[in-house]
Amino acid sequence: MQKKKILVTGGAGFIGSHLCERLLKEGNEVISLDNYFTGSKDNVIHLLDNPYFELIRHDVSNPFFIEIDEIYNLACPASPIHYQHDAIQTVKTSVMGAINMLGLAKRVNAKVLQASTSEVYGDPFVHPQVESYWGNVNPIGIRSCYDEGKRCAETLFMDYHRQNKVKIKIIRIFNTYGPNMNPNDGRVVSNFIVQALKNENITIFGDGTQTRSFQYVDDLVEGMVRMMATDDSFTGPVNIGNVHEFTMLELANQIIDIIGSKSKIVFNPLPSDDPKQRKPNINLAKEKLGWEPKVQLREGLVKTIQYFEKII
Ligand code: NAD
Ligand code: UDP
């Protein structure tokens, strides 16, 4: 098999680091492009012995040129506290990052995959969410820099495909967790695990009845690689997520139970525009990718907890 040269933007982040590892294992040459805003070299340090792996420090909102076969565009902070820290930069990362990666793909005739998000559905009225649903997104709220940035990136991907015949793939990723999440990431799974391991209060935002469907990172990476391998005529968007839906209260109790933690649950104010429910319909992924998630929540949490036990 011929070695492919693959660019992974956001390669030092949580998901990007797992993806780089997988692509290297398959015998590819992998270049990670990252500005280390939320990612870390620690996530990929174990890959640096591999001569076919390279790390480049670069901000995707600036153009970048390289000869490449495939691009996975993951660069973008994903946790609300981080993407809201510099909201304008978040929009630039999504929008300028998409333009730069699509321009690069066009120039070198590469295939490019966009890591979009279930956030494009906003606070959804259609449940579970199907790809044909256009969503319910506030364009001017505190989550908009992320949600609308990602929606605009999808628009750009489709327009480069229609106008310039760029080979594109769009996946909409639902809440994903696993090893290599930053302990200060701020998303719910890492927050609850870190709090439970330290026997500190578990901070539920709102009354804890809001739902999410949590996917283990290995399942996502499998879906990403399968999506990239689909026929050029298939662009997506395709939902990639686990269909088992949990309330935040159920999540907190499961984590307390697995760890045997003495933590108490406390209730903090719910941030504005926080979606009330989220669960993917994955029929399209099943049909087009022959994919469905294999790791269920408890098993994935155990593996993630083992990781956090080691690092904190
Ligand atoms: P993460 O924050 O761990 O990783 C993002 C990476 O992008 C980091 O390494 C960060 O340093 C890098 N980055 C940020 N801005 C950049 C810029 N301007 N230039 C170059 N690099 C930049 O988050 P993650 O969970 O690994 O998410 C990866 C991608 O998947 C993101 O695009 C995110 O929107 C998408 N996604 C993730 C989830 C999830 O639940 N984890 C859900 C939906 C979508
Ligand atoms: N959340 C929570 N406590 C925390 C962090 C998050 O209750 O310490 C809630 C948050 O309000 C949301 C859900 O958990 O309802 C998932 O939040 P996360 O930021 O992980 O993902 P997103 O909201 O982007 O799906």
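Key figures for this structure:
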item: Full-extension gain in nm, Ile312 to Glu67, via 0.36 nm per residue minus C-alpha separation; result: 84.2 nm
item: Overall form of the range 256-312 per C-alpha gyration tensor (a/c, 1.5; a/b vs b/c); result: oblate
item: Sorted by Cβ density within 10 Å, fewest first, the residues Ser190, Ser32; result: Ser190, Ser32
item: Segment Glu292-Asn184, length gained on full extension (0.36 nm per residue, minus Cα span); result: 35.9 nm
item: Phi-based couplings in Hz for the range 274-282 (Karplus 6.51, -1.76, 1.60; Gly and Pro marked x); result: 5, x, 7, 8, 7, 7, x, 8, 10
item: Linear extension gain, Arg57 paired with Lys165, 0.36 nm per residue minus alpha-carbon span; result: 36.0 nm
item: Taking the chain and dividing mean pair separation by its residue count, relative contact order in percent (alpha carbons under 8 Å, at least six apart); result: 18
item: Under 5 Å, built H, 5+ apart or other chain: amide partners of Thr211; result: Gln277, Arg278
item: For peptides 263-271, 282-290, 110-118, sequence by mean Cβ density within 10 Å, most packed first; result: 110-118, 282-290, 263-271
item: Over the range 118-271, relative contact order from alpha-carbon pairs under 8 Å, at least 6 apart, %; result: 28
item: Distant-in-sequence amide H partners of Ile171 (H built 1.01 Å from N, under 5 Å); result: Gln114, Ser116, Val238
item: Estimated vicinal HN-Hα couplings, Hz - the range 258-269 in sequence order (Karplus 6.51, -1.76, 1.60; Gly, Pro = x); result: 4, 7, x, 7, 8, 4, 9, 8, 10, 10, 10, x
item: The range 61-175 shape via C-alpha gyration tensor axes, a/c threshold 1.5; result: oblate
item: DSSP bridge orientation in the chain - percent antiparallel, rounded to nearest 5; result: 10
item: R0 of 45 Å, Cβ-Cβ distance Lys264-Val243: FRET efficiency to nearest 0.05; result: 0.90
item: Overall Cα dimensions of the chain - principal axes, largest extent first, Å; result: 55, 45, 38
item: Label-point gap, in nm, between Ile140 and Asp86 - each point 7 angstrom along Cα→Cβ; result: 2.6
item: Under 5 Å, built H, 5+ apart or other chain: amide partners of Thr176; result: Gln215
item: Calculated from backbone phi, Karplus (6.51, -1.76, 1.60) coupling profile of the range 126-138 in Hz, x at Gly/Pro; result: 9, 9, x, 7, 9, 4, 6, 6, 7, x, 9, 10, 6
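Read the figures in this text as sums done on the coordinates, not as results from a lab. Not measured: the values here are computed from a predicted model. With ideal geometry, Cβ positions are generated from the backbone for all residues, glycine too; neighbour counts draw on all protein chains shown.
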